[in-house]
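What follows is a single structure, written as C-alpha cells, with notes after it.
Read-outs throughout are calculated quantities, based only on the coordinates presented, and are distinct from any laboratory measurement. Source: prediction; values computed, not measured. Using ideal geometry, Cβ is built from the backbone for each residue, glycine included, and neighbour counts are taken over all protein chains shown.
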Amino acid sequence: MTQCPTSDSRHYLIQALFRPRGLLLLLAVSFALGAALCLTMLPVPVIIGNASFWNFPSGTVPGGMIDMAQTLVGDRYCAQAPWTVPILNIPNIVPPTGTNLLWFDAVPLLCLFGKSIVLIGGTPVNLIGVFLFFCFTLPGVAMTAVFRAAGQQGLICAIAAVGIGDSMPFLLFEWGHIALCAQFLIIAALLLYLLSQQHPNDARVRAGWIALLLVTLLISNYIFVMVGGIWLAALLQLGLDRRVTPARFVFEALAAVGVVALVAAAMGLLTRDLRFAGTGSFGVFSMNLGSPFVPQLSGVLPPLATYWVGMRSQVFDYVGAGVLFVLAAGLSALARWPRFRVRSHIALICVLGGFFLFALSNRITLGSHTLLLIPLPEGVAYVFGAFRASGRFFWPIGYSIAAAGTLVVLRSFRPRTASAILAVASVLQVVDTAPQRRAIAASTTYAAPAVVDRQRLDDAIAAARGIMIFPTFGCASIAPSDDVAVMARALRLQRANVELQVLGARRNLPINSAATDRLDTDCAAEASTRLEALDPGIAYFYLTGPMPGSEQLGGRDPDRVCHPIDWLRFCLVPSGSGN
C-alpha cells in the first residue's frame, strides 16, 4: 500500500528545493532537464545532422515549407565559400557577383564555424541540428541565471526556469525559422541588464554586452534589435540613476556601436543591397491584442488544441498556461507590496513599451476585428517592412513578464506555497505545449515531399559544373492571388528551385537562383539569358516556358541533349563540346 509523504518528508523536500546552491550546479541541473525535454521532440540523428529529414527539412510554422531548406542552402554554400571580404558573400550563388548569406535567413555564426572546419581540411558538416538543440535547451539555463542574479539560489529556480522557459509556446511555434529559435539570447540580455544595474563598473559586464550583441548580429536581425534595445535600456538606466558620467555613457555607446558596425561591414551586412530589405507588408504579420493571453494550440484545454487567435498571417505570441498561472499569483501578491519602484527600471519599461507598440504595428486588431488602422507614409512603411513580422517584438516582453512573475512568487510567498505554485505552473506550461512538441517531433521523421524526383535531379547534375534554372526563384514569385491554381503553380516552381539549390549546395555548384524574395531580380535580363547558347557542362532546368532550339544547342538535336524529369525539362551539352 502506497504511503502518503509525511510532514517531515515534505519539509525536507521544501528545504532541499530552497537551499542555496552554487551557480554551476543550478546551470547543470537546468541544462540536464532542458536537454531531456528537448530530446522528446528532436531525435539524435536530427541533432547530429544525418537524418533523412535534412534531405529537405520543413518545420511546422505556417507558410514555412521552404524556410528550413533555404537556411540549409545558404549555410552549406557559405561554409564552402572562400575566405574573402565580405566574409559572408557566397560567389557560387548568382555568380559572378555572388549573394550574401544575409538574404537566406540563415545563421552566419554557423557559417563561420563551417568555414573554419573546411579551412583546416575537414568536410562540410551540418551544424544546424546542434544549433537547434541548444536553442530549445538554453532558455531554461538562461532563465536560471536570471533568477540567480536576482538573488534566488534554490533548485526550485532551475526547475521552474526549465518548465517555463523551455516551453514558451511562441518559441516552439517558430520551428521552421531556424535563426528565430535562438530566443535564449533575449533572456541572456535580461541577465546582462540585471548585472549592469548591480555592477555598473564591472568591465566583464560591458564586455559581455559587446559579445552578446556580436553573437546576435551573427544569428538573427530580429533578435539583434531586441537585444540591442535591452542593452540601450541598461545603459540609459545607469545614466538616469547617475551611476555613469555623461562622458562614459557616450564612450560606451559609441564603442559598442563601432565594434558592431565594424564586424557588420566585414561580414557584408552594410551594403547598398540593404535597400531591398524593406517590404510593403508591414502590419500584416503583426501581433493580435488577444494573442499573448488567450489560450491557443493548447494542451491544457483540448478544445483549443487547434485554435489560433486572430488572422492567420499574424504572429503567434501566446505565453502559455503556466506563465498565466504565475502572473495571476504574482499580481495577487504584488498588490500587497507597499511600493513598486517603477523608476528603478523605467528605461527598460519604456523600451519594452516601444516593442509592444511596434508589435501591434499600425493595424490594431483584436480577434478577427481591426480596431484601428493608422496610415503610414509609403517610405516609412517600407522601412518598417524590413521587420515585417513585427509581432515578434513581443518576445522580450513575454520573457520579461515570465521572469518577473516567477521572482514575485518566490519573494512573496512562503517556500511551501511558492514551490506549489511553481510546480503547478511548470506542469501547466509543459502540458500546454504538448501539441506543439508532438507536431515538431512528427515533422522530424521525414523529409518534405518532393515536387520533382530528387534522385533523378541529383543524377542530372552529377556530371555538371554548374546549374541554370529558368525561371529563377525571384522570377517565379508572384503577388498573392485568390486563384488557387495560380498560387499552387507558383509554389511548385519555387519548391523546384529550392530542391535544386539543396542538391547544388551539397556539390557546391554555381547556381543562378537564390531562394529569397527580398533581392531585386531582373527578370527581363533573365529572359534574355534564356535565349543565349547553352554553355557546355552546365545543367539547364526549364520549369516553364519555351525550350532551347538547336541553335542554342550548337546544332544538336534537342531530343538527344534535353530530357524530361517529371514535369520539367533538363538540358546538358557535354563538357568539351563546342558551340
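Counting other beta carbons within 10 Å of each residue's own, what order do Val141, Val284, Val250 fall into, fewest first?
Val250, Val284, Val141
Length gained on full extension, Ala485 to Leu39: 156.6 nm, using 0.36 nm per residue less the C-alpha separation. For the chain, the longest principal axis of the C-alpha atoms and the axis of helix 203-217 are separated by about 40°.
Rounded if a/c is under 1.5, else prolate if a/b beats b/c, else oblate: with a ≥ b ≥ c from the C-alpha gyration tensor eigenvalues square-rooted, which is segment 495-535? Oblate, because a/c is 1.5 or more while a/b does not exceed b/c. Put in order of Cβ neighbour count within 10 Å, fewest first, the listed residues Thr144, Thr123 become Thr123, Thr144.
Give the angle, between 0 and 90 degrees and rounded to the nearest 10, that separates the Cα long axis of helix 67-80 from the longest principal axis of the Cα atoms of the chain. It is inclined by approximately 70 degrees.
Going by C-beta contacts inside 10 Å, put Trp175, Trp308 in order with the fewest on the left. Present the calculation step by step, with values, prior to reporting the outcome.
Numbers: Trp175 26, Trp308 17.
Ordered by Cβ neighbours within 10 Å, fewest first: Trp308, Trp175.
From the largest down, the chain spans 91, 70, 55 angstrom on the principal axes of its Cα atoms.
Classification of segment 231-382 by its C-alpha gyration tensor yields an oblate form. The axis ratio a/c (a ≥ b ≥ c) is 1.5 or more, and b/c is at least a/b. Taking amide hydrogens as placed 1.01 Å from N in the peptide plane, the amide H of Asn100 sits under 5 Å from those of Ile90, each at least 5 positions away in sequence or on another chain.
Could you tell me the relative contact order of the chain? Use alpha-carbon pairs under 8 Å, at least six residues apart, and round to a whole percent. Mind showing how you got there, number by number?
On the way: 985 pairs, mean separation 102.3, N = 579.
Reported as a whole number, the value is 18 percent.
Rounded if a/c is under 1.5, else prolate if a/b is larger than b/c, else oblate: which is segment 33-175, with a ≥ b ≥ c the root eigenvalues of its Cα gyration tensor?
prolate
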